[in-house]
Amino acid sequence: MEIPSFNALIEKSIIENWYRDALTDYKGKTLQYHDVARKIEKLHIMFENSGVTKGDKIALCGRNCANWAVAYLATLTYGAIAVPILHEFTAEQIHNIVNHSDAKILFTGDVVSTIIDPTKMPALEGIIYIPDYSLVLSRTDKLTYAREHLNEMFGKKYPKYFRQEHVHYYHEESPEQLALINYTSGTTGFSKGVMLPYRALWSNYDFALHVLGKEIKAGDNIISILPMAHMYGMAFEFTFEFLYGCHVFYLTRIPSPAIIAQAFAEVKPRIIIAVPLIIEKIIRKKVFPKIQNNRMRLLLNMPVVSKKVREKICEQVYQSFGGKLYEIIIGGAAFNQEIESFLKQIHFPYTVGYGATECAPIICYRDCYSFVQGSCGQQAYHMEVRIDSTDPVNIPGEILTKGPNVMLGYYKNEEATRQALDAEGWFHTGDLGLMDADGNVFIKGRSKNMLLSSNGQNIYPEEIEDKLNSMALVSESIVIQEGEKLVGLVHPDYDEAQSLGLNKEDIASIMEQNRQQLNEIMPSYSKVSAMRIHEEEFEKTPKKSIKRFLYQP
């Protein structure tokens with residue numbers, strides 16, 4: 001397979017879309033592609049004159065915004081290695097990653113810059129403030145001079161105008177060359193820096209071009225909701241769209257469902273990339289209250305009118321996402337079956353994909369028109385997928401994948417690399433799944449989450465939680481094992497309970513009813529023996545998966 005230069009694709013997009021809108025901070029300013037090019041060039045001049053060389057690590061930690069994206073593009077196109085860090089990490093976690101990655105420069109956002117301690121990152125040569133690229137810290141005279149004289153140096157290099165013909169980026173990179181290191185955790189001892197080569201970035205872009213290229217055009221609007229420091233958001237809310245000439249809008253603050261809904265209405269995105277939690281909240285709060293009444297149930301059960309009613313409901317849901325949508329791609333965690341069944345019933349254009357940071361990220365996908373409900377698609381373009389099972393259709397096994405998306409390994413962690421990548425190049429995901437005769441993959445859960453009953457039955461807590469989360473007043477839940485018994489930890493929907501005038505005893509009574517209803521539909525070995533109310537929301541990862549390890553007995 002011939003793999004072109006990824007940085008050459010960045011260069012080509014900037015030149016071809018010179019006067020198009022590129023990056024907008026929602027409710028803020030817009031950068032056109034030529035503005036992005038100018039900022040990249042200034043950062044290149046600063047890197048060069050401060051002693052940054054090709055192959056040096058440059059870390060970025062801050063909330064999504066146009067200047068974060070520019071700093072990332074400038075890093076790659078200079079030939080340096082990007083280290084995106086999730087801004088939700090604690091100061092200690094950020095220090096750990098900066099130190100472990102050997103980063104030379106750190107770009108920080110407005111909040112992150114107030115919590116970190118530069119003395120805990122002694123190898124850094126400088127910290128740059130993302131909103132205006134000013135220096136928070138400089139430990140070298142070269143960096144100080146380069147920043148103070150940046151405009152002067154830019155003016156000398158381009159005395160008249162900075163034009164398209166001046167855009168020349170580093171693209172001698174080989175497909176196997178390291179492009180970025182993405183950390184799956186910030187905790188000391190658990191930090192795994194996923195080393196992603198240029199071929200993995202290109203392969204994910206080429207996949208998106210293959211499956212979405214006919215449905216999206218240059219100039220289309222996209223909303224970036226997921227953190228760009230997470231590969232799911234990086235690849236499919238930013239990289240593909242930028243290389244394709246689209247206009248990306250960043251929700252620069254932590255987006256609430258109300259802000260997201262407002263942004264959908266104003267921006268009218270062509271595709272939406274989301275984790276299940278966002279879609280589930282919008283459907284439960286905005287849609288279900290309008291249709292879960294006796295009149296609507298009656299109409300939906302009347303064959304003659306139900307089709308028209310479903311079409312009308314679908315149109316209303318479609319408009320709530322902006323009205324210009326090709327499809328919503330959902331991934332990152334398990335999708336609630338009740339919500340999925342509803343979307344399928346009204347023929348809403350959604351699909352569920354599957355990926356991992358180690359694959360930058362895509363592993364499985366099918367578009368909304370050929371997607372099989374309950375699955376996460378089939379092996380993605382460029383990738384191979386198989387189930388490590390004697391009977392993949394009926395007996396779950398670990399999901400293995402191979403192809404150009406797969407990482408080089410974990411930075412400075414040969415043991416973890418050996419465990420994840422076998423001698424034949426298969427990446428062992430740690431997820432358990434089935435595969436039907438058509439190649440559709442159905443995820444059963446994480447292998448490390450699987451519980452074992454006293455009689456040797458495999459129990460997948462995610463399957464129990466999916467049913468529990470659709471029951472009365474349940475906002476979210478996890479199922480844990482205490483001895484031989486299963487216990488449901490439930491965070492109730494207190495807003496709904498308050499609107500119904502319910503007190504704590506009422507909520508406890510409803511949860512017990514939920515437990516009894518749940519056990520009626522679960523096999524004997526998966527019955528829940530007790531429900532325990534959890535007052536606070538469960539702590540979550542940046543992709544909104546519950547941190548299960550915090551709640552294990």
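In this structure, the residue pairs whose Cα-Cα separation is over 30 Å, taken from Lys290/Lys485; Lys290/Lys324; Lys485/Lys547; Lys281/Lys527, are Lys290/Lys485. Our Cα-only numbers for the chain put the radius of gyration and Dmax at 24.5, 79 Å.
Working from Cα pairs under 8 Å separated by at least six residues, relative contact order for segment 75-207 is 27 percent. Just the Cα atoms of segment 181-268, one point each, no solvent: what log10 I(q)/I(0) does Debye give at q = 0.17, 0.24, 0.25 Å⁻¹? Taking Cα atoms of segment 181-268 as identical point scatterers yields -0.82, -1.18, -1.22.
Its convex hull of Cα atoms gives segment 345-485 a direction-averaged projected area, equal to a quarter of the hull surface, of 11.4 nm².
For segment 427-510, the relative contact order is 16 percent, taking Cα pairs closer than 8 Å that sit 6 or more residues apart in sequence and dividing their mean separation by the residue count.
A DSSP coil position with no more than 11 other Cβ atoms inside 10 Å describes the following trypsin sites (Lys or Arg not before Pro) in segment 1-67: Lys29. Computed from the Cβ-Cβ distance with R0 of 45 Å, the FRET efficiency linking Tyr170 to Phe288 stands at 0.30. For segment 513-553, the extents of the C-alpha atoms along the principal axes are 34, 20, 20 Å, listed from largest to smallest. Using C-alpha pairs under 8 Å with a sequence gap of at least 6, the mean separation divided by the residue count of the chain gives a relative contact order of 11 percent. Spread over its residues, the convex hull of the C-alpha atoms of segment 1-61 is 150 Å³ per residue. With R₀ fixed at 22 Å, the C-beta to C-beta distance from Glu152 to Asp132 puts the FRET efficiency at about 0.80. Legend: helices of the chain (whole DSSP H runs) are marked when their alpha-carbon atoms reach 20 angstrom or more along the helix axis and their mean Kyte-Doolittle hydropathy is at least 0.0; marked are 198-212. May I ask which of Lys312/Lys544; Lys307/Lys344; Lys57/Lys156 have a Cα-Cα span longer than 21 Å here? Exceeds cut-off: Lys312/Lys544; Lys57/Lys156. In a reduced charge model with +1 at each Lys and Arg Cβ and -1 at each Asp and Glu Cβ, segment 392-530 shows a dipole moment near 360 debye about its Cα centre. Within segment 451-502, the GluC sites (Glu not before Pro) that combine a DSSP coil assignment with at most 13 other C-beta atoms in a 10 angstrom radius are Glu484. Set the Cα radius of gyration of segment 403-466 against 2.2 N^0.38 Å, with N its number of residues, and you get 1.41.
Pairs from the table (Lys12/Lys157; Lys39/Lys142; Lys214/Lys540) lying more than 24 angstrom apart at Cα are Lys214/Lys540. Heavy-atom surface analysis with a 1.4 Å probe gives segment 400-532 a carbon and sulfur content of 46 percent of its accessible area. Given a Förster radius of 45 Å and the C-beta distance between Tyr494 and Tyr161 as r, what FRET efficiency does 1/(1 + (r/R0)^6) yield to the nearest 0.05? That pair, Tyr494 with Tyr161, gives E of 0.15.
Across all C-alpha atoms in segment 9-107, the radius of gyration and Dmax reach 14.2, 42 Å.
Accessible area per residue was computed with a 1.4 Å probe on protein heavy atoms; Arg253 scores about 140 Å².
Where only DSSP H runs of four or more residues are counted, the chain gives -10000 deg cm²/dmol as its mean residue ellipticity at 222 nm, each run worth -39500 (n - 2.57). Eigenvalues of the alpha-carbon gyration tensor of segment 205-335, scaled by 5 and square-rooted, set the equivalent ellipsoid semi-axes at 30, 17, 13 angstrom, largest first. Which percentage, to the nearest 5, of the DSSP beta bridges contained in the chain is antiparallel? Of those bridges, close to 55 percent are antiparallel.
Site pair Glu505 and Ser524 shows an inter-label distance of 3.6 nm when each label is modelled 7 Å from Cα along Cα→Cβ. Taking all protein chains together and rolling a 1.4 Å probe, Thr108 ends up with roughly 0 Å² accessible. Distance from the Cα centroid of segment 196-211 to that of segment 220-258 is 16 Å (rounded to whole angstrom). In this rough spin-label picture, where each label sits 7 Å from Cα along the Cβ direction, the Met296-Asn99 distance is 5.4 nm.
The values are calculated or read from the model by the stated rules, or taken from the named source; none is laboratory data. The structure presented is a predicted model; accordingly, all values stated were derived computationally and were not measured. Every residue, glycine among them, receives a Cβ derived from its backbone with ideal geometry; neighbour counts consider all protein chains shown. Just so you know, the surface numbers come from the protein's heavy atoms only, side chains and all, with ligands and any DNA or RNA stripped out. Shrake-Rupley method; radii C 1.70, N 1.55, O 1.52, S 1.80 Å.
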